[in-house]
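*Asks:* This is the structure I want to talk about, given as structure tokens.
Laboratory data are not the source of any read-out in this text; all were calculated from the coordinates shown. Remember, predicted model here, so these are calculated numbers, not experimental data. Glycine gets a Cβ as well: all are built from the backbone with ideal geometry, and neighbour counts include every protein chain shown.
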């Protein structure tokens, strides 16, 4: 028997997805996340599904351990050794501020100033070493950092992307005396121009190293103790997996691990169902997270800020977040305008209906009052029932009374405004990437998204929504699906005219060698191996680069030499597609080379998740009054997982499953496809 | 008053219209060629009233100063069109004349009337800072200009597009008058694209909701913004508070120039009276009246950050700008250094408002943009110009110390990475660091300013600086102390020198291996220094934000007795 297990540890729940590769049988489990040590919930969740770990081939983990350590500032005490004159780069950022208006707030970097030590050394932008690194000073600085209790150290030198020699010599000297493996140089982590982004990424990586490697070691040991002899992999922010040794070396790459896995699963589900263009909407307690998949590929962002001033530059699945989740609070401002969020009741105390102390109405409270959520069977199973009356009173007091609306009108108003904001996020995300959202399908996931899917179709003009069969465990499923992927970058900074294509080929070859070696070292089976090259290019004078795919063949691991003409043609094609026109006589520049080495893991057939047998009648569990557009409607309730393939349900209807409620609005039809997804479309479409 | 509109539709439309402006911003940021727009977001978009030009809705991502000033640009077009009597659907006006549209000549404004069913419904506008618009100095910060003609070419409102037809003649004139025609063409295309998108989105919105409903919503949002502002003012004590601060000089004559405000609150109204401010100057620290009014708006928005960005906010506020003052300069007085003057206006408004409501107001930020350019020719004859603004400290507040190395209150621009500058220009930064002892002391101290020391790697070059705060320090509030002043030095064969006009100088000749050194102010302190915990002072000393001597001088010796 061979099994794969995906485990996603979220803020509230730990989800486990178990796939038997031979039979195709899948099972899911949801257990509470344990804090501060998430390994308890992790192991508990697996134990619910699997008695004997010896039959498990692969465990893939989507983790928030790194994200939480960053957000809560719970990383290690670390030091940095940097170029004379530049100790404050981490603290000066790019001269930004937390909010446009108000001029309030300050910033504490993760490395305080007395742990940022300078040494004599300097490399110029063209790679010339102007001042060789003073290794005595480096050793003395490292000793000082050790004496001051640092558990990790990063070497951050100016222009190390252009020539890593000084950094390499310094890091070698430090490794010789540092008592643990947590020593790194900025050019090892990110050999890319832009000192703040590179230093920040390297410093945050060092900050996470002791924490994340300790966590992964604990999990690894516990799995081994349980009889597990397979491979343990970690999901990266780029949506690919990596081995634990890589994760311990580059923990900063896990910053968006869990959400990235969710988008990977969404892409696979949508593609299987016949849709290459999909916008995902993950609605949780405090936020609504939107991601876009075009032509079957998720969009990657080059960097993100985990918090103000905490920039991580590594390719990551682009996810846009707005503060409109189930727990977002509805309030009327002094000017009489209804607002949703950004303040949130989260999951504790949670919506008023949870009866845990919050008295201000939330989006979930509006759904409860309108009958869209069953008060007798709350999701997650923690509460016995929801307090509808308390939710109604809160809506009355805080929204109905100030606006002169009845309770039901006020509840509908809350949803209307929340839906409008969510729709706005979908529009903006697509517009910013140059896409028309109407050409996309919408895929809600997370606990609350499927309650709002109909509204998104209406507001954005999208033709259909795909509700996955298990929307509450999408990220765990994504862990099982994700490919193995390594990203590499190297700043080139050369005009195309003077480009040294041999040198470029050598860097490409180095990336490919390193990437393929990592694939070779993995025990996973790969269906295929793929190498993608991209150049960040722009006209001289323009700072925004475009990502230009470079079709260079790799045969038996050997990279063919790129040509200047080929690079220029690729740039012109991409530039024209992006901006509509080329610049006459513009000089083109290659800023960075990006390489992705991907091992395609076999995808399991989602049809194995589909229901077998069943009937519409048997799935129907009853009906209740639900409020839509000013009226109560007697609304059929179905047990969603019992609905047969091909079932068609006309709205209004509610489909219930343990962790999600799917709302089929009046005027919509829900159809169960051959994978068990529910496809929502306007009636008659 | 507006026609009744139900509160739900209003809340939805508020978001939808704001999003139209946000999408226009996003369109230009993505398409713009020059980094001042693409990276620093020195641009703005919005919807404006068909008759008054008042700001109806403005994007959130654009530059703060534009939030108030764009309505004047639209009004200039409204007046021009009324005079000519030929406004048509599909027209787009373009101009950069700062005396009509505010700010400076680098800001290119495009204004497009939006017609619905054959009737003018509103205006859409796009403004963006172009990289170069001619004039005597590349990048257009000319500290010795005495007329606008020396700052840039000047374009009054003209039709760039007539009833949908692009006037190539106008484009040709524009492109012949800039040192960077490719960049200008790219930015112009981006701005036209943003306006096109705005029209499409507005079409959709009006299709969905109807003209009357949207108009009613726009009116209602103004009324509600006004109500919010009145509620805020009613919560403040009545009274009159004054504050005076100074510009170092006008770049021509070394005479301090007072900027004075009297802030008066009576019930739900406020008056900002700038009587007593210095008269128009020969050098370019003047501003046009629209800029002055818009600056008052920026200061108010910082004090009340949750207020919406529309003209309703300003209805209860009267801004009195005295005739003949440097805040109401007439054409062709030079206005290229407007950033310095409006920063000082914001400082005095904060200083006055802090007397009325200390918890609501932060201390002065560093207060100068420090436009520094270094220019020369490479060995191959190619010309280079490195032009950037530099950061400083923010003021302390009731909540926390000020931010170290922030951007200016009128801007949200980030600084280019040092490595990008070193890769593009023959310079090396010897230092890019926080400046110890630069923060104003206080219960919550100011943020630290910065030190930038830049060495020339080519044979020779010239440096130009347009800065301020070299003679008058950023002030604290609520008993907080002032920050350190701006300091600039340049290296010559015989050692280091500083400019006779403190922070302004043209044509500083540098040889290979020589450097310029800019030390920017921190932010002012908030609250009495005696109220700062000795542990916090000790921590500042341990981290090197403060030298021991300066710590004892500002806070007394108590910090020496405690552990940080």
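*Asks:* Using only atoms on other chains, find how many Cβ atoms lie within 10 Å of each Cβ of peptide A:327-340 and report the average.
*Replies:* Values: counts 0, 0, 0, 0, 0, 2, 7, 10, 14, 8, 12, 6, 4, 2.
Mean shielding count: 5.
*Asks:* Using only the Cα atoms, what convex hull volume per residue in Å³ does the protein assembly as shown have?
*Replies:* 172 Å³
*Asks:* Counting DSSP beta bridges with both partners in chain A, what percentage is antiparallel, nearest 5?
*Replies:* On the way: 93 of 126 bridges.
Taking every DSSP beta bridge within chain A, about 75 percent pair in antiparallel fashion.
*Asks:* Here's something else I'd like to know. State the antiparallel share, in %, of DSSP beta bridges confined to chain B, rounding to the nearest 5.
*Replies:* In chain B, DSSP labels about 95 percent of beta bridges as antiparallel.
*Asks:* Moving on. What value in Å³ per residue do you get for the convex hull of the alpha-carbon atoms in region A:570-610? Intermediate values should be presented prior to the final figure.
*Replies:* Values: hull volume 5.7 nm³, N = 41.
Hull volume over Cα atoms, normalised by residue count, gives 138 Å³.
*Asks:* Still on this structure, please answer the following. Calculate the mean, over all residues of peptide A:363-375, of how many other protein chain Cβ atoms lie within 10 angstrom of the residue's Cβ. Working shown, then result.
*Replies:* On the way: counts 0, 0, 0, 0, 0, 0, 0, 0, 0, 0, 0, 0, 0.
Mean number of neighbouring Cβ atoms from other chains: 0.
*Asks:* Using a cut-off of under 12 Å, list every residue of region B:471-504 whose amide N is near the label point 7 Å from the Cα of residue B:511 along the Cα-to-beta-carbon line.
*Replies:* Only B:492-495 pass the distance filter.
*Asks:* Out of all Cα-Cα pairs in region A:287-419, roughly what percent, to the nearest whole number, are more than 18 Å apart? Walk me through the numbers before you get to the answer.
*Replies:* On the way: 5133 of 8778 pairs.
Everything past 18 Å amounts to 58 percent.
*Asks:* Additional query: Sketch the reach of a paramagnetic label on residue B:136 as a point 7 Å from Cα along Cα-to-Cβ, and name the residues of region B:229-268 whose backbone nitrogen lies under 11 Å away.
*Replies:* Those under the cut-off are B:252.
*Asks:* Another question, if that's okay. In what sequence, highest mean first, do B:265-275, A:385-395, A:310-320 appear when ranked by Cβ atoms within 10 angstrom?
*Replies:* In decreasing order of mean packing, B:265-275, A:385-395, A:310-320 become A:310-320, A:385-395, B:265-275.
*Asks:* 222 nm [θ] for the protein assembly as shown, helices only, -39500 (n - 2.57) per DSSP H run of 4+, per residue, to 500?
*Replies:* -9500 deg cm²/dmol
*Asks:* Give the share of C-alpha pairs in each 5 angstrom bin for region A:506-632, from 0 to the last occupied bin, in whole percents, shortest bins first.
*Replies:* 2, 8, 14, 13, 10, 9, 8, 7, 5, 5, 7, 7, 5, 2, 0
*Asks:* Distances longer than 28 Å among the Cα atoms of region B:7-227: what percent of all pairs is that? Walk me through the numbers on the way to the answer.
*Replies:* Details: 6161 of 24310 pairs.
For region B:7-227, the share of Cα pairs beyond 28 Å comes to 25 percent.
*Asks:* Right, another one. Taking the Cα centroid of region B:99-145 and of region B:483-517, what is the distance between the two, rounded to the nearest whole Å?
*Replies:* First find each Cα centre; the distance between them is then 34 Å.
*Asks:* Over the Cα atoms of region A:607-682, what is the Rg over Rh ratio if Rh follows Kirkwood? Intermediate values should be presented prior to the final figure.
*Replies:* Numbers: Rg = 12.1 Å, Rh = 12.5 Å.
My calculation of the ratio gives 0.97.
*Asks:* Taking 20 °C and 1.002 mPa s as the conditions, I'd like the Stokes-Einstein D for region A:78-212 in µm²/s, using the Kirkwood hydrodynamic radius from alpha carbon pairs. Let's see the in-between values first.
*Replies:* Numbers: Rh = 15.0 Å.
This corresponds to a translational diffusion coefficient of 143 µm²/s.
*Asks:* Given contacts defined as C-alpha pairs under 8 Å and at least six residues apart, what's the relative contact order of chain B, whole-number percent? Kindly include the intermediate steps, with their values, before the conclusion.
*Replies:* Working: 1515 pairs, mean separation 71.2, N = 564.
After rounding, I find 13 percent.
*Asks:* Let me ask something else about it. Just subtract the alpha-carbon distance of residue B:498 and residue B:207 from 0.36 nm times their residue separation and send over the number in nm, one decimal. Before the final figure, lay out each step's value.
*Replies:* Details: separation 291, 0.36 × 291 = 104.76 nm, distance 6.24 nm.
So the chain would gain 98.5 nm between residue B:498 and residue B:207.
*Asks:* Residue B:383 to residue A:321: FRET efficiency via 1/(1 + (r/R0)^6), r the Cβ-Cβ distance, R0 56 Å, to the nearest 0.05? All intermediate terms of the calculation are to be shown ahead of the outcome.
*Replies:* On the way: r = 44 Å, r/R0 = 0.79.
Plugging the Cβ-Cβ distance into 1/(1 + (r/R0)^6) gives 0.80.
*Asks:* Also, I was wondering about something else. Would you mind pulling out the separation of the Cα centroids of region B:271-337 and region A:457-480, in Å?
*Replies:* With region B:271-337 and region A:457-480 each reduced to a Cα centre, they are spaced 51 Å.
*Asks:* Pull out a ≥ b ≥ c, the square roots of the eigenvalues of the alpha-carbon gyration tensor of chain B, then state rounded if a/c is under 1.5, prolate if not and a/b is larger than b/c, and oblate in the remaining case.
*Replies:* Values: a/c = 1.90, a/b = 1.24, b/c = 1.53.
Verdict is oblate for chain B.
*Asks:* Before anything else, pin down the relative contact order of chain A: Cα pairs under 8 Å, at least 6 apart, normalised by residue count, whole percent. List each step's numbers first, then the result.
*Replies:* Values: 1573 pairs, mean separation 78.8, N = 685.
Normalised by residue count, the contact order of chain A is 12 percent.
*Asks:* Provide Rg over Rh for region B:362-532; use the alpha carbon set for both Rg and the Kirkwood Rh (inverse mean inverse pair distance). Write down the numbers at each step before the final one.
*Replies:* Details: Rg = 16.8 Å, Rh = 16.2 Å.
Ratio value, two decimals: 1.04.
*Asks:* Further question: Tell me, A:623, A:237, B:438 in order of fewest to most beta-carbon neighbours within 10 Å?
*Replies:* Numbers: A:623 15, A:237 27, B:438 31.
Listing A:623, A:237, B:438 from fewest to most nearby Cβ atoms yields A:623, A:237, B:438.
*Asks:* Sort B:411, A:494 so that the residue with the fewest other Cβ atoms within 10 Å of its own Cβ comes first and the one with the most comes last. List each step's numbers first, then the result.
*Replies:* Values: B:411 21, A:494 14.
Fewest-to-most ranking of B:411, A:494: A:494, B:411.
*Asks:* How would B:122, A:150 line up from fewest to most surrounding beta-carbon atoms within 10 angstrom?
*Replies:* Details: B:122 24, A:150 21.
The fewest-first ordering by Cβ neighbours comes to A:150, B:122.
*Asks:* If you bin every alpha carbon distance in chain A into 20 Å steps from zero, what whole percent lands in each bin?
*Replies:* Once binned at 20 Å, the Cα pair distances of chain A give 17, 48, 30, 5, 0.
*Asks:* Can you give the % of DSSP beta bridges in region A:78-212 that are antiparallel, to the nearest 5? Display every interim value, and only then the final one.
*Replies:* Numbers: 2 of 14 bridges.
Roughly 15 percent of the beta bridges in region A:78-212 run antiparallel, per DSSP.
*Asks:* Give me the distance in nm between label points sitting 7 Å out from Cα along the Cα-to-Cβ direction at residue A:625 and residue B:459, one decimal.
*Replies:* Label at residue A:625, label at residue B:459, 9.1 nm between them.
*Asks:* Take every residue in peptide B:177-185, count the Cβ atoms of other chains within 10 Å of its Cβ, and give the average of those counts.
*Replies:* Details: counts 0, 0, 0, 1, 1, 9, 4, 0, 3.
If you average over the peptide's residues, the count of other-chain Cβ atoms is 2.
*Asks:* Follow-up. So how do B:82-88, B:242-248 stack up, highest first, on mean other-Cβ count within 10 Å?
*Replies:* On the way: B:82-88: 10.7, B:242-248: 20.6.
Listed from highest to lowest mean packing, they are B:242-248, B:82-88.
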